[in-house]
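A quick write-up on the structure given underneath.
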Amino acid sequence: MIYFLGDVHGRIDHVLPAIRPRGDATATVVFLGDIEAQRPFEEEIRPLAEAGIGVWFIHGNHDTDSQRSWDHLQGSWHRCLDGRVVEIEGVRVAGLGGVFRGEVWYPDGVAATHQKPAVRSYGDYLARLKASTPPRLRNSANVTGKALKHLSTIFPEVVDRLADQEADILVAHEAPSCHPHGFEAIDLLAQVMGVKAVFHGHHHDSRDYGAWDERLGFQTHGVGLRGMTDMKGEWVVAGELDGARRY
């Protein structure tokens, strides 16, 4: 069984106690971003690994709020699904970490379908940042802060790489357009990849998207703050802000 974890924001002590009673012969957890690991991620997940539970993740926007949080993920990049399709327990799972940022996707400052992204990759962004910054300021906190922040930006290069592949499930930090703050770009990616379901974090809520299934051609499941959902979209652990029911 694959379980999907909503934004944990530095705390994963609830994960193992939720899985153990279920008695799954095999189990895998997928973190949906905003991990904010308080120490190297391999140390954080050691209890899960020692229990035989597989671990994968995508990153979220808050994973680049500090250099420390980002550095804590670096020793676990073999577990990162961003820009990849990996077969997990016989299921093809694709990952898209990070968030859409206007500086890359809406260079004119207005969301419009005719706009072309300002850059295609993180490397392109760094080159543009360096070229637009006087040499004496290239090591300034403002510049290094921008470079760190955009490590959690979605870039067109990654979206295009995924669009050339097929998958059963797409995990993303951002939500499809069925969420009030979601993106049609997630819809299109899921559709071209032929996925049956999308699981997302980021918004700390768990909405009923059932009315959108036919229109989008796939099911969508949002996983709330420190919540846990199984492959059917059923709660294992309710998100801390979900309340008594989905809405």
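Some notes on this structure:
- Prolate/oblate/rounded call for the stretch 14-53, Cα gyration tensor, a/c under 1.5 rounded: prolate
- Cα Rg over Rh - the stretch 1-72, Kirkwood: 0.97
- Among beta bridges identified by DSSP and lying wholly in the stretch 120-247, the antiparallel ones come to about 20 percent.
- Note that the stretch 61-192, at 4 °C in a medium of 1.567 mPa s, gets a Stokes-Einstein diffusion coefficient of 80 µm²/s from its Kirkwood radius over C-alpha pairs.
- Three-way shape call for the stretch 40-91 based on the alpha-carbon gyration tensor, with the a/c threshold at 1.5: oblate
- Shown is the FRET efficiency for ALA211 and ALA163, computed with R0 = 30 Å from the Cβ-Cβ distance and rounded to the nearest 0.05: 0.70.
- A straight Cα-to-Cα reach below 30 Å connects LYS149 with the lysines LYS116, LYS130, residues fewer than 8 places away in its own chain not being considered.
- Think of a 1.4 Å ball rolled over the protein heavy atoms: the chain then has 47 Å² of accessible area per residue.
- Between ALA172, LEU126, TRP212, the Cα set farthest toward the positive side of the dipole of the chain (charges on each charged residue's Cβ, about the Cα centre) is that of LEU126.
- Overall form of the stretch 139-207 per C-alpha gyration tensor (a/c, 1.5; a/b vs b/c): oblate
- Alpha-carbon Rg with Dmax, taken over the stretch 121-247, Å: 18.0, 55
- In this structure, the amide hydrogen of PHE31, modeled 1.01 Å from its nitrogen in the peptide plane, lies closer than 5 angstrom to those of LEU5, TRP56, PHE57, ILE58, counting only residues at least 5 positions away or on a different chain.
- Taking all Cα-Cα distances within the chain, those exceeding 28 Å account for 31%.
- Fluctuation leader among PRO176, PRO47, PRO135 - the chain, Gaussian network, Cα springs under 10 angstrom: PRO135
- The stretch 138-175 versus the stretch 201-216: alpha-carbon centroid distance in Å: 22 Å
- Listed residues SER76, SER152, SER132, most fluctuating in the chain (Gaussian network, C-alpha, under 10 Å): SER132
- With helices as the sole contributors, the chain gives -6000 deg cm²/dmol at 222 nm; each DSSP H run of n ≥ 4 counts as -39500 (n - 2.57), and the sum is divided by every residue.
- Expressed to the nearest 5 percent, the antiparallel share of DSSP beta bridges inside the stretch 1-112 is 25 percent.
- With R₀ set to 41 Å, the beta-carbon distance separating ARG128 from MET1 gives a calculated FRET efficiency near 0.40.
- Only beta bridges with both residues in the chain are counted; by DSSP, about 25 percent of them are antiparallel.
- For the stretch 140-197, the Cβ-based charge dipole about the Cα centre amounts to some 340 debye (Lys, Arg positive; Asp, Glu negative; other atoms uncharged).
- Projected onto their three principal axes, the Cα atoms of the stretch 21-125 cover extents of 52, 32, 23 Å, largest first.
The values are calculated or read from the model by the stated rules, or taken from the named source; none is laboratory data. Since the structure is predicted, the reported quantities are computational estimates derived from the model, not experimental observations. Backbone-built Cβ (ideal geometry, glycine too); neighbour counts: all protein chains shown. For accessibility, only protein heavy atoms count, side chains too; no ligands or nucleic acids. Shrake-Rupley method; radii C 1.70, N 1.55, O 1.52, S 1.80 Å.
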